[in-house]
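Report on one structure; see the data block that follows.
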Amino acid sequence: KTDKTWGHYKLLKENEKTIMLCIYYDKVIQGGGINRFKSHLGSEKGQVEQCKKVPADIHSQMKQNIDEYKSKKNKFKKKMMIVTFSCLLKKV
């Protein structure tokens with residue numbers, strides 16, 4: 001795994017489930033995978049409780065990563081809408 005986020009938590013086993021523990025805040029993050037954990041470190045509202053002890057540089061890095069991911073996702077959605085629309089026009 002190459003994502004830098006993997007270095008900011010510990011993997012633990014609890015009742016046959018794998019959970020992530022924030023190394024800064026001792027917060028257990030369950031479900032959602034690495035993007036949910038980035039939301040914890042980058043203070044993304046609505047996803048998971050925000051980390052209160054993450055260093056500023058890590059917070060900034062995670063926030064930037066989340067913003068880049070959202071931008072790529074939006075560009076892909078727009079591209080798919082254009083392709084779908086052009087296919088519909090060809091059928092008319």
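The values are calculated or read from the model by the stated rules, or taken from the named source; none is laboratory data. If you're wondering where the values come from, they're calculated on a predicted model, not measured in any experiment. Quick reminder, even Gly has a Cβ in these numbers, built from the backbone with ideal geometry, and neighbours come from all protein chains shown. Note: areas computed on protein heavy atoms with side chains; ligands, DNA, RNA excluded. Shrake-Rupley method; radii C 1.70, N 1.55, O 1.52, S 1.80 Å.
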>> Just to be sure before I move on: is SER43 part of a loop (DSSP other than H, G, I, E, B) and either of a type in the set (S, T, N, Q) or touching a residue at least 40 places away in the same chain (Cβ under 8 Å) (or both) in the structure I sent?
In response: yes
> So which of LYS90, LYS70 is open to solvent by 70 Å² or more (accessible area, probe 1.4 Å) and modelled with pLDDT of 85 or more?
Replying inline: LYS70
> Which members of region 31-59 meet the condition of being closer than 20 Å to THR2 by Cβ and exposed (fewer than 14 other Cβ atoms within 10 Å of the Cβ)?
Replying inline: GLY33, ASP57
>> Can you find, within region 5-29, the residue that is modelled with the lowest pLDDT among those that are under 25 Å from GLU68 (Cβ atoms) and assigned to a loop (DSSP other than H, G, I, E, B)?
In response: LYS27
> Looking at (1) of a type in the set (D, E, K, R); (2) without any contact (Cβ under 8 Å) to a residue 24 or more places away in the chain; (3) closer than 19 Å to HIS8 by Cα, which is the only condition LYS77 fails?
Replying inline: (3)
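Restricting region 1-30 to residues that are hydroxyl-bearing (Ser, Thr, Tyr) and surrounded by fewer than 16 Cβ atoms within 10 Å (Cβ to Cβ), which is farthest from GLN47 (Cα to Cα)?
Taking region 1-30 first, the residues hydroxyl-bearing (Ser, Thr, Tyr) are 2, 5, 9, 18, 24-25.
Imposing the further condition that a residue be surrounded by fewer than 16 Cβ atoms within 10 Å (Cβ to Cβ) reduces the set to 2, 18.
On the way: THR2: 23, THR18: 19 Å.
Only one residue fits best here, namely THR2.
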> Looking at region 7-23, which of its residues are within 18 Å of GLN61 (Cα to Cα) and touching a helix residue (DSSP H, G or I) at 6+ places or on another chain (Cβ under 7 Å)?
Replying inline: HIS8, TYR9, CYS22, ILE23
